[in-house]
Ligand code: KIV
């Protein structure tokens, strides 16, 4: 895949791109071409916040990449945002892979995160490795995300030893909603110790980053200060090293009640609705296509 830099994408740090034999001028720090795990680690060290959004198709990938979003997550939330399911549980590897491929073929700069669906990695480290390899080979992902804390340590280690960067996901883990008793904040009171222990365990196992979902802000901040690896919050307050939102929530294509942690930055649904209504009116009124749009 070509590593081109969009003119509008912001520089994060210098990855020197000096080919052999191009003269004696000192290599200048160039804008990075592809976000890699070491860039994210450097951003944490500098105190520079990291951005992540979900993307499930080529155009959102293109737009979010152009906006300079560092991480594009082809989340299993595609299940209930693309495929019409009620939750993230039903989506399969075979359904998620083509979406992952569309995003990875399009994003020039962002790191693409493949999300391992429910049931595709929990059985054993071997099962997880074989699934993760599919996301890297067939999906073109640059890393994978999986849900779970200390209990997933052997899986994380296996993947990392096999050359696959792993982003963990702790706190509220949607794939375990039936075990957790629904969408509930994790880590309140005595539960804070479990969040801390899970965070330490996934770092120890080799994860390069950890998503914390629906965790009290003070607990997430404590984890972020203690850990060397990147923390990415969703409903976990401002103390995390980065933030992630599901794009259909953040840009208002989805209607209905939103979780408290969602801020709506655009109203794409209204734009599409008005466009579709105007098109229907033109067609029904016989004003489209007009001479300008006919041969
Ligand atoms: O699948 C997804 O969208 C996620 C985010 C909620 C982090 O896992």
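Nothing in this text is a laboratory measurement; each read-out follows from the coordinates by a stated rule. Source: prediction; values computed, not measured. FYI the Cβ positions are ideal-geometry reconstructions off the backbone, even for glycines, and counts take in every protein chain you see.
Observations
- Inter-residue pairs, beta-carbon under 7 Å, first under 12 Å from residue 259 (Cβ atoms) and touching a residue at least 60 places away in the same chain (Cβ under 8 Å) and in the stretch 231-246, second part of a loop (DSSP other than H, G, I, E, B) and within 9 Å of the ligand (Cβ to nearest atom), 6+ apart: 246/75; 246/77
- Residue within the stretch 130-140 that is part of a loop (DSSP other than H, G, I, E, B), closer than 23 Å to residue 38 by Cα and within 16 Å of the ligand (Cβ to nearest atom) present: yes
- Each residue in the stretch 100-118 was checked for being within 14 Å of the ligand (Cβ to nearest atom) and over 13 Å from residue 134 (Cβ atoms), and 4 pass.
- Taking the stretch 177-295 and the strands (runs of 3 or more DSSP E) fully enclosed by it, the elements with 1 or more residues that are closer than 16 Å to residue 149 by Cβ and touching a strand residue (DSSP E or B) at 6+ places or on another chain (Cβ under 9 Å) are at 209-213, 230-234.
- Identity of the residue in the stretch 202-222, buried (at least 20 other Cβ atoms within 10 Å of the Cβ) and more than 16 Å from the ligand (Cβ to nearest atom), that ends up nearest to residue 45 (Cα to Cα): 203
- Residues (within 16 Å of the ligand (Cβ to nearest atom), outside any loop (DSSP other than H, G, I, E, B) and crowded, with 21+ Cβ neighbours inside 10 Å) located in the stretch 141-155: 143, 144, 145, 146, 147, 152
- Answer residue from the stretch 63-92, given it is out of contact with any helix residue (DSSP H, G or I) (no Cβ under 6 Å at 6 or more places or on another chain) and in a helix (DSSP H, G or I) and is farthest from the ligand (Cβ to nearest atom) among those: 66
- Residues that are more than 11 Å from the ligand (Cβ to nearest atom) and either surrounded by 24 or more Cβ atoms within 10 Å (Cβ to Cβ) or part of a loop (DSSP other than H, G, I, E, B) (or both) within the stretch 53-62 comprise 57, 61, listed in sequence order.
- All positions within the stretch 181-190 that are surrounded by fewer than 16 Cβ atoms within 10 Å (Cβ to Cβ) and either in contact (Cβ under 8 Å) with a residue 40 or more places away in the chain or on the phi < 0 side of the Ramachandran plot (or both): 183, 184, 188, 190
- Where a residue in the stretch 32-47 is in contact (Cβ under 8 Å) with a residue 60 or more places away in the chain and its partner, wherever it lies, is surrounded by 15 or more Cβ atoms within 10 Å (Cβ to Cβ) and part of a helix (DSSP H, G or I), with Cβ under 6 Å and at least six apart: 32/39
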